[in-house]
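As structure tokens, the structure follows; a few thoughts come after it.
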């Protein structure tokens, strides 16, 4: 029953009380009172180590609690414009067009499908899990003829399979799930993009980066990816509620020259493009009310990413992933991805030990103050669980999120007789 | 230059610092330090008196700053389920089906159009401003044949006009903008619904309640309205980012028995219905990640509405509106709505005095700490401005939002020579 990883005291790992409030309280007794509160809050809050929503930095939480602000107030316009500029840096797409729209990440599938694919056109989905199935279903709703190239659960299609599919017909669009959150499988988008450019240069490439943007290496412009889409609550470290994408100029032209009528209103590039351009030019504009507080929070988080540098962020997520996966394997657990090469750095999907009941393990880990996620893939959901390691939990190691998570898992495995 | 309405000290009208933090600080000095901060914050924050986003109650702001929580964590499921139940009470639709989806209010147009209207079917839009034009455009994107019944700027179509339109063809759906935020015009939905039921009982009725739900009298079930749609940032008093609607069982059946294929993925009733039912049954479920913090904030706000009672809320908004409109007219300003009967209770749209330049007046009012909105209707936007009076600003009079707003307008009119 000895713990090999020290669990830090709660007050040190979740200072969620807004930092500006802490900084602004002049007297020592005020700080001390807040510290007590902070400690209480931290103890009642379970560490959220699922593959999104992820833990928030205190400055991000603080930005969520701003007073009501007009969506066309100068202060907000400045922050919205800044967030758009920062997205280009985070996506490494200096000439791309960012979009920030109120919605879930799923909305960016609709936006991709409805703006870039006309009814009857062919789309190839590089499928590494259930999110590939669902993206394909969404594309079909907007009239695409969808072909999936698939792999067994836990694996990814080979480049040869993809090349073979590309030789069968001319696709308007290829979509790739960078990290399938249901399997923890990682697609080699760099090689896939290179292959598509060789075999079918006119074909557009869309990367579902919901569980990867900000953590996995993506060089949107250099690699020639036309659409990278994501959501606020994963490696971007912001609460859920924003659909985010950066679109290449080539793809914008395809959308602008569309022959079929529009098939979405709220998700229309033509509606949102002038709005995004206006805000970036620091001018007021209106199509639908933006999520003011979420955008303020996103801007804070993007500033943090850019300040540290994307290469550093990518490296730190690789290190965090290795640390978690090494520990899990050391305890005799088997990863869902068939090998480390196809495993994501943003989460670890791992089979339950044979002697342990899944719900009991999740509950036990929860009793030690950490929330991890069950399986998501419909055919396999009861066989595995998932641990997210993104943003502050992977990058700010002084918060000991990884240590506390690993300690909670190890302790739970011991209590359930696996270790 | 005398002010007839006293402007209260800033610290009394915007206590935005989370109340739980204030309550939890035990020592007097801690409270005193926070009060100073609170005062500083309040002074730098301009009162947001536009027709949405509206000012937030401190408890709502506090809920926005909660730490990261899994979207399937028991605590969150309880709050999401509670929010759904409360929506039925706020909409006075005990048998209606609530939907809460990440997005802007505009998304609810797409959801209404794509789920309830099949391509080629006829829809009648009762148009009282630009939001009617846009809702009509959205319906067209999803294949509806749209007929508008219109009125001159500032007025609303008569019941006779609507009856005449209903006699021309069989409409699948009639849509009514309850309060057109661009004109401040109020539609008599009770009488319109009665008329539609007499003339064409099979026709579905959808009410765009974006700038009315929670403030204007709506008895969804009693009046037989099939869809009431809104957004979080208006009279519901929550930050922007949630698309909210309550749908009748009759309309759900229409959506379920649809013959044409789906025309939206993210906005699909079929996708969201089991999710909403699960959360209300306090069970985890997943289609797309909900906006956890916004839903927690919404739940707090809905609790406040229901605790006070909807009839009281409706009455308080009528009183607030009368107070603002009486003052504006007393100063010689002319309302955009042609008479009080067609004027909304949630905002006042008012022409600039002839001798005053619009941008100067807005800037002057801003210099007195209050933000109001310019015109929105494309053909008339430079001629008028808009003052929102919803939720805490209309209901919690002890915060003196209305007094401060009227004082700022009066003072500005004086400084610009109108008074």
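The values are calculated or read from the model by the stated rules, or taken from the named source; none is laboratory data. Since the structure is predicted, the reported quantities are computational estimates derived from the model, not experimental observations. All Cβ positions, even for glycine, are placed from backbone atoms using ideal geometry, and neighbour counts span all protein chains on display.
Within the option set A:103, A:129, A:120, A:136, being in the same structural domain as residue A:243 (by TED's automatic domain parsing), more than 28 Å from residue A:71 (Cβ to Cβ) and buried (at least 24 other Cβ atoms within 10 Å of the Cβ) holds for one residue only, A:129.
Using the structure shown, decide if residue A:72 is at the interface with chain B (Cβ under 9 Å from one of its Cβ atoms), outside any helix (DSSP H, G or I) and surrounded by fewer than 21 Cβ atoms within 10 Å (Cβ to Cβ). Answer is yes for this residue. Checking each residue in region B:379-396 for being in a helix (DSSP H, G or I) and within 15 Å of residue B:54 (Cβ to Cβ) picks out B:392, B:393, B:394, B:395.
So which of A:317, A:400 ends up being touching a residue at least 40 places away in the same chain (Cβ under 8 Å) and over 19 Å from the mean Cα position of the chain (by Cα)? Before you say what the answer is, go through the steps one by one.
Details: A:317 fails: over 19 Å from the mean Cα position of the chain (by Cα).
Of A:317, A:400, the one residue that is touching a residue at least 40 places away in the same chain (Cβ under 8 Å) and over 19 Å from the mean Cα position of the chain (by Cα) is A:400.
Assessment of region B:96-117 against the conditions (part of a loop (DSSP other than H, G, I, E, B), more than 14 Å from chain A (Cβ to nearest Cβ) and either closer than 28 Å to residue B:309 by Cβ or in contact with a helix residue (DSSP H, G or I) (Cβ under 8 Å, 6 or more places away or on another chain) (or both)) yields at least one matching residue.
Just checking, which of A:78, A:85 is in contact with a strand residue (DSSP E or B) (Cβ under 9 Å, 6 or more places away or on another chain), at pLDDT 95 or above and surrounded by fewer than 20 Cβ atoms within 10 Å (Cβ to Cβ)? Criteria check complete, one pass: A:85.
Could you tell me whether region B:148-166 includes any residue that is closer than 24 Å to residue A:270 by Cα and surrounded by fewer than 24 Cβ atoms within 10 Å (Cβ to Cβ)? It would help to see each step written out before you state the result.
Of all residues in region B:148-166, those closer than 24 Å to residue A:270 by Cα come to B:148.
Pick out the ones that are also surrounded by fewer than 24 Cβ atoms within 10 Å (Cβ to Cβ) and you get B:148.
Checked region B:148-166: at least one residue is closer than 24 Å to residue A:270 by Cα and surrounded by fewer than 24 Cβ atoms within 10 Å (Cβ to Cβ).
For residue B:300, indicate whether it is within 17 Å of residue B:98 (Cβ to Cβ) and at pLDDT 95 or above.
Numbers: within 17 Å of residue B:98 (Cβ to Cβ): yes; at pLDDT 95 or above: yes.
Criteria met by residue B:300.
One residue stands out in region B:54-68 among those that are within 7 Å of chain A (Cβ to nearest Cβ) and crowded, with 23+ Cβ neighbours inside 10 Å: the one that is nearest to residue B:181 (Cα to Cα), namely B:54. Of the residues that sit in region B:227-251 and are out of contact with any strand residue (DSSP E or B) (no Cβ under 6 Å at 6 or more places or on another chain) and over 21 Å from residue B:60 (Cα atoms), which one is surrounded by the most Cβ atoms within 10 Å (Cβ to Cβ)? Looking at residues that are out of contact with any strand residue (DSSP E or B) (no Cβ under 6 Å at 6 or more places or on another chain) and over 21 Å from residue B:60 (Cα atoms), I get B:248. Against the criterion of being under 15 Å from residue B:186 (Cβ atoms) and at pLDDT 95 or above, residue B:336 qualifies.
Free of Cβ contacts under 8 Å to residues at least 60 places away in the same chain and within 14 Å of another protein chain (Cβ to nearest Cβ): does that describe residue A:275? Against the criterion (free of Cβ contacts under 8 Å to residues at least 60 places away in the same chain and within 14 Å of another protein chain (Cβ to nearest Cβ)), residue A:275 qualifies.
Scoring residue A:337 on the criteria (1) in contact with a strand residue (DSSP E or B) (Cβ under 6 Å, 6 or more places away or on another chain); (2) closer than 25 Å to residue A:177 by Cα; (3) within 14 Å of chain B (Cβ to nearest Cβ) leaves a single failure, condition (3). Just one residue in the set A:270, A:316 is in the same structural domain as residue A:346 (by TED's automatic domain parsing), at pLDDT 95 or above and assigned to a helix (DSSP H, G or I); that residue is A:316.
Apart from one condition, residue A:129 fits all of (1) without any contact (Cβ under 8 Å) to a residue 12 or more places away in the chain; (2) on the phi > 0 side of the Ramachandran plot; the exception is (1).
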